[in-house]
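Read the structure below first, then the notes.
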Amino acid sequence: MYDINTVRKDFPILGREVYKRPLVYLDNAATTQKPRCVVEAIANEYYSVNANVHRGVHFLSQQATDLHEAARETVRRFINARDVAEVVFTRGTTESLNLVASSYGEAFLHEGDEVIVTVMEHHSDIVPWQLLRERKGIVLKVVPMTDEGVLDLDAYEQLFTPRTRLVCVAHVSNVLGTVNPVKRMAEIAHAHGAHILVDGAQSVPHFKVDVQDIGCDFMVFSGHKVYGPTGIGVLYGREDLLDRMPPYQGGGEMIARVTFEHTTYERLPFKFEAGTPDYVGSHALAVALDYVSALGMDHIHAHERALTQYAMEQMQAIEGMHLFGTAPGKDAVVAFNVGNIHPLDLGTLLDRLGIAIRTGHHCAQPLMQRCGVEGMARASFALYNTREEVDALVQGIDRVRKMF
């Protein structure tokens, strides 16, 4: 049974006050709060197990290595990758995307080759491809969307040519909450001989993600958005593709043998993990994944979906409310503006009521342009949020509205 009151006790920060008001934390798409077990795992490893991994023969190094590699298996199981060789630890979604752009781009892309992205991508899934365009002369194509925030699949399929090599798509929009049909998009991409990369930063924390079922060639996500620590993330890649891609960085850990004449590289996944890894972060990420698994991803999804629907219904009643993203089955995010109130003003005044939301362009300026605005306010939900917090948000927005 999913007991929200019991769950909230696992997150001490939710009990604090801001400006002498109870904290209502609704900025979970930016980062989630951490359960006690994750913070304790970090402290315990530094106090009891801390040693560099993979290189030492002494007890602490062996123990730290075991925890680090056990974390890789936890990730593999959580996303249903075929093998731990397909799980690369990075600093987060952004580094994972840059790794693919650099390494896949070097191995597979040439001048005139095409990469398809969507209008709702985060900057981290746009800028690396633009940088590659400057270096290698690739072509970027953009999938449009409807006014409701639904990708146009007919237009998507028409973008393919014999030069299309890769599709990059957010599983869930960090602004609109749209859950994109990535399995169908993967089928279309593969039918045209292209690979597909799925940005799972906003999906992995909210519902079950199975990379084999989706059929994606790459999947990326961040630890800090799924109740884990900052500075740790994951790149999933099909083993045959990763094996053909050159290293992203050079140095220790990723080598098999080095001479001044020649270097040979380690086997997967270590070929892409130069330097000392964040072995404390990987273990803490595994603890976070075990935590949400114990709660049940289906329970989390049902709770957050109901909360999102409730928020949409309540916010629609506010005078001057403009909701962005009304796709069926949207997930855990509500973006909005109210009347002529600047979103920064709205966010600042809500903060004084103890309510934390996000304002601005949300690292999705092309999407803002598509929607005809400079910025939006955004409330985003997590497994610990409640209807009472949604009520506080609605009351807070209405209070601010009456000030203008």
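Before we move on, is residue 189 crowded, with 24+ Cβ neighbours inside 10 Å, outside the structural domain of residue 325 (by TED's automatic domain parsing), of a type outside the set (S, T, N, Q) and within 23 Å of residue 306 (Cα to Cα)? Judged against the criteria, residue 189 is not a match. Go through the stretch 358-390 and give me each residue that's hydroxyl-bearing (Ser, Thr, Tyr) and either in a helix (DSSP H, G or I) or free of Cβ contacts under 8 Å to residues at least 24 places away in the same chain (or both). Scanning the stretch 358-390 gives a single hit, 359. State whether one or more residues within the stretch 332-350 are on the phi > 0 side of the Ramachandran plot, surrounded by fewer than 17 Cβ atoms within 10 Å (Cβ to Cβ) and in contact with a strand residue (DSSP E or B) (Cβ under 6 Å, 6 or more places away or on another chain). Within the stretch 332-350, not a single residue is on the phi > 0 side of the Ramachandran plot, surrounded by fewer than 17 Cβ atoms within 10 Å (Cβ to Cβ) and in contact with a strand residue (DSSP E or B) (Cβ under 6 Å, 6 or more places away or on another chain).
In the stretch 139-164, how many are under 25 Å from residue 209 (Cβ atoms), in a strand (DSSP E or B) and not β-branched (Val, Ile, Thr)? Selection size over the stretch 139-164: 2. Being surrounded by fewer than 24 Cβ atoms within 10 Å (Cβ to Cβ), farther than 25 Å from residue 104 by Cβ and in contact (Cβ under 8 Å) with a residue 24 or more places away in the chain is a property that holds for residue 300. Note on the stretch 157-185: residues that are over 15 Å from residue 327 (Cβ atoms) and surrounded by fewer than 22 Cβ atoms within 10 Å (Cβ to Cβ) total 10. State which residue is surrounded by the most Cβ atoms within 10 Å (Cβ to Cβ) when the search covers only the stretch 1-18 and only residues that are at pLDDT below 95 and part of a loop (DSSP other than H, G, I, E, B). The extreme case among them is 2.
The one condition from (1) surrounded by fewer than 17 Cβ atoms within 10 Å (Cβ to Cβ); (2) in a helix (DSSP H, G or I) that residue 308 does not meet is (1).
Only a single item in (1) out of contact with any strand residue (DSSP E or B) (no Cβ under 6 Å at 6 or more places or on another chain); (2) of a type in the set (Val, Ile, Thr); (3) closer than 21 Å to residue 291 by Cβ; (4) buried (at least 19 other Cβ atoms within 10 Å of the Cβ) is not met by residue 42, and it is number (4). Exactly one residue out of 82, 21, 36, 76 is surrounded by 15 or more Cβ atoms within 10 Å (Cβ to Cβ) and of a type in the set (Lys, Arg): that is 76. Every condition in (1) assigned to a helix (DSSP H, G or I); (2) surrounded by fewer than 18 Cβ atoms within 10 Å (Cβ to Cβ); (3) of a type in the set (S, T, N, Q) holds for residue 50 except the one numbered (1).
Going through the stretch 208-242 one residue at a time, which ones are closer than 18 Å to residue 175 by Cβ and either among the small types (Gly, Ala, Ser) or surrounded by fewer than 21 Cβ atoms within 10 Å (Cβ to Cβ) (or both)? Selection gives 222 alone. For residues that are buried (at least 23 other Cβ atoms within 10 Å of the Cβ) and either farther than 14 Å from residue 194 by Cα or not assigned by TED's automatic domain parsing to the domain that holds residue 153 (or both), tally how many sit in the stretch 99-121. The total comes to 6. Across the stretch 275-297, the qualifying residues are those that are assigned to a loop (DSSP other than H, G, I, E, B) and in contact (Cβ under 8 Å) with a residue 40 or more places away in the chain, and the one among them that is surrounded by the fewest Cβ atoms within 10 Å (Cβ to Cβ) is 276. In the stretch 85-94, of all residues being in contact with a strand residue (DSSP E or B) (Cβ under 7 Å, 6 or more places away or on another chain) and surrounded by 19 or more Cβ atoms within 10 Å (Cβ to Cβ), the one that is nearest to residue 220 (Cα to Cα) corresponds to 93.
The values are calculated or read from the model by the stated rules, or taken from the named source; none is laboratory data. Treat the numbers as computed from the prediction; the structure is a model and nothing was measured. All Cβ positions, glycine included, derive from the backbone under ideal geometry; neighbour counts span all protein chains shown.
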